[in-house]
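The block underneath contains the structure these notes are about, expressed in structure tokens.
Each reported figure results from applying straightforward, stated rules to the coordinates on display, with no laboratory input. Because the structure is predicted, anything quoted here is derived from the model rather than measured. All Cβ positions, glycine included, derive from the backbone under ideal geometry; neighbour counts span all protein chains shown.
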Amino acid sequence: MGSRLTIAPPEDYVLARDVCSYGYFVLAPNYWDVANQRLQRALALKTGGASCVIDQPGGKSGALRARFDRTLTRDEQREARAQITRMLRLDEDRASVRAFHRVDPRWKRSGRARLFRSPTLFEDVIKTVTSCNVAWPSTVNMNKRLCQTLGAKCENAHAFPTAAKMARTRPGTLRGRCRVGYRDVRMVELARLFVKGEIDEAWLGDPATDDEQVFRFLVTLPGIGPYAASNIMQLLGRYSRVALDTESVRHGRTVLGMTGTDAQIMKKVAAHFEPFGEHKFRSYWFELWRFYEQKAGASHTWEREETASAFTASNF
DNA sequence: GGTAGACCTGGACGC
DNA sequence: GCGTCCAGGTCTACC
């Protein structure tokens, strides 16, 4: 039998709601088990991969339980706990949630505030690159192939590739086997920057670091433009920018009733969310998410394999 | 500072 | 089944 961890979440934490809150929860190696309302995935620990299943047996606000496919050492347990804390945003405490709900009370009743992310910043950055300039099914496919090709093998699954592994991979392998296209060189360069310590997560996450400084740094990275940088910022817990893309234009037209050219609508969407200040990404995102749920049902019922075909622009 | 075109993949469409 | 077109964000060259 493998190790078990019990993790006390913030008192308002609801696993199904807070995992199924951002598209990455359906990207490999994440797997949301709809029937059992639990999250399965492999974690890439320093010592190798470890599969885990995370659930909340007591229901809303209850303790989280993480069960592993093997016995973890003390250090591995500490690392796994840190990765799960990051992924589930357990460090987004009640005060932060209240601050958001004060600015945008529309989400107070549902409690929406936390956005699912990855166990590591590296995975978040690479996932963001795989979401640029492609339709959603390609993003799903790239992540699946990256895990199968480069991820550490666990009992029944593959972890997400580590920066060290990707840094050693030939761009041609990424292109040929993972179908990442022209992103190949950029992804390897990003991985090398992580390995060399040139992407300083402590600095990026430090509240003393200004959002503008973070944005200016991120757009210097290979494959990262204004959209990707804004998205990475929300993944860092910095919600002061709306990540504007074609979805923003669609949202502006179909939900907010805006008219004009794409460029004009982008500006209007940015202006529309300006009053939400430091929380504007969350206000924007949960509007989008509500629209998706109206079309596809509650997000905790979405099957991973079906979202690849369901979430295309032509369906929305 | 603004803009045009290339980059690659996969879905949609026409034949 | 095959060929063509198109969407998607970033990057470079050019004005």
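Under the condition of being closer than 18 Å to A:Glu212 by Cα and within 16 Å of DNA strand C (Cβ to nearest atom), which residue from segment A:250-281 is nearest to the chain's Cα centre (by Cα)?
Per the criteria, the residue is A:Phe281.
So which residues in segment A:131-144 are among the hydroxyl-bearing types (Ser, Thr, Tyr) and either more than 11 Å from DNA strand C (Cβ to nearest atom) or touching a residue at least 60 places away in the same chain (Cβ under 8 Å) (or both)?
Our first condition is that a residue be among the hydroxyl-bearing types (Ser, Thr, Tyr); within segment A:131-144, this holds for A:131, A:138-139.
Correct list: A:Ser131, A:Thr139.
Determine whether segment A:185-206 contains at least one residue that is in contact with a Cys (Cβ under 6 Å, 6 or more places away or on another chain), within 30 Å of A:Arg70 (Cα to Cα) and away from DNA strand C (no atom under 16 Å from the Cβ).
no
Restricting to segment A:9-40, name every residue that is over 22 Å from A:Arg145 (Cβ atoms) and out of contact with any strand residue (DSSP E or B) (no Cβ under 9 Å at 6 or more places or on another chain).
Within segment A:9-40, A:Pro10, A:Glu11, A:Asp12, A:Val14, A:Arg17, A:Asp18, A:Ser21, A:Val34, A:Ala35 qualify.
Out of (1) surrounded by 17 or more Cβ atoms within 10 Å (Cβ to Cβ); (2) more than 15 Å from DNA strand C (Cβ to nearest atom), the odd one out for A:Glu155 is which?
(1)
If you go through segment A:216-249, how many residues are over 14 Å from the mean Cα position of the chain (by Cα) and under 18 Å from A:Phe273 (Cα atoms)?
Of the residues in that region, 11 qualify.
Identify all residues within segment A:169-180 that are surrounded by fewer than 20 Cβ atoms within 10 Å (Cβ to Cβ) and in contact (Cβ under 8 Å) with a residue 40 or more places away in the chain; write none if there are none.
Selection gives A:Arg179 alone.
For segment A:19-28, what are the residues that are buried (at least 23 other Cβ atoms within 10 Å of the Cβ) and touching an Asp or Glu at 6+ places or on another chain (Cβ under 9 Å)?
Selection gives A:Val26 alone.
Would you mind finding the one in A:Arg216, A:Arg250 that is surrounded by 16 or more Cβ atoms within 10 Å (Cβ to Cβ) and basic (Lys, Arg)?
Answer to the check: A:Arg250.
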